[in-house]
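Scroll down for the structure; my scribbles are underneath it.
The values are calculated or read from the model by the stated rules, or taken from the named source; none is laboratory data. Since the model is a prediction, treat every value here as computed from it, not as a measurement. When we count neighbours, we look across all protein chains shown, and the Cβ atoms used for this are built from the backbone with ideal geometry, even at glycine.
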Amino acid sequence: MKKVSDSSVIMHELVLPNDTNILGNVLGGRVMHLIDICAAMSAYKHARSPVVTASIDHLNFLSPANKGDILILKSSVNYVSSTSMEIGVKVESENTLTGNIKHTASAHLTFVALDDEGKPKKISKIEPLSDIEHARYKSAMKRVETRKKELSK
């Protein structure tokens, strides 16, 4: 078993003019790309093998980030089955002039670990330690069951 903290990632990215729309807000596709990268790093750290994105669930954009803001992405493994894992990502944006930080987006992604032949590989379970980790684990279990039901239709 591995601790959640062993594969947690914090990533920072400056929102540049090329990352924004005509209103000066960061493009949703740019945020999606960064979420996938941050989550992949947590998945790599947990599996210690190549991983692929299997799904992105419940990507919610909550408030805009603007040109010049710093995006702060935080990812951690919420749940592990035999070959796949759910990674949660929270995106915050920090106004560089005021220091104000707001919750910008959140998502849950599923990754599959691969062996040397590109086949799904068994991976270690996680051991939730804190109350927050236990709550995320239980919520993730419910999402996994929901996904399985949806895919079996």
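None of Ser63, Ser76 is among the polar types (S, T, N, Q), on the phi < 0 side of the Ramachandran plot, buried (at least 17 other Cβ atoms within 10 Å of the Cβ) and modelled with pLDDT of 95 or more except Ser76. The set of residues from segment 5-60 being exposed (fewer than 14 other Cβ atoms within 10 Å of the Cβ), more than 18 Å from Ala113 (Cα to Cα) and among the hydroxyl-bearing types (Ser, Thr, Tyr) comprises just one member, Ser5.
So which residues in segment 113-122 are in contact with a helix residue (DSSP H, G or I) (Cβ under 9 Å, 6 or more places away or on another chain) and assigned to a strand (DSSP E or B), if there are any at all? Selection gives Ala113, Leu114.
Which one is farthest from Ile10 (Cα to Cα) among residues in segment 82-100 that are of a type outside the set (D, E, K, R) and surrounded by 16 or more Cβ atoms within 10 Å (Cβ to Cβ)? For segment 82-100, the residue satisfying everything is Thr83. Just to be sure, is Ser42 modelled with pLDDT of 95 or more and in a helix (DSSP H, G or I)? Yes: the conditions hold for Ser42.
Name the one entry in Leu73, Leu23, Leu59, Leu34 that is of a type outside the set (Lys, Arg) and assigned to a helix (DSSP H, G or I).
Matching residue, one of Leu73, Leu23, Leu59, Leu34: Leu34.
Across segment 1-35, the number of residues qualifying as acidic (Asp, Glu) and in contact with a Ser or Thr (Cβ under 6 Å, 6 or more places away or on another chain) comes to 0.
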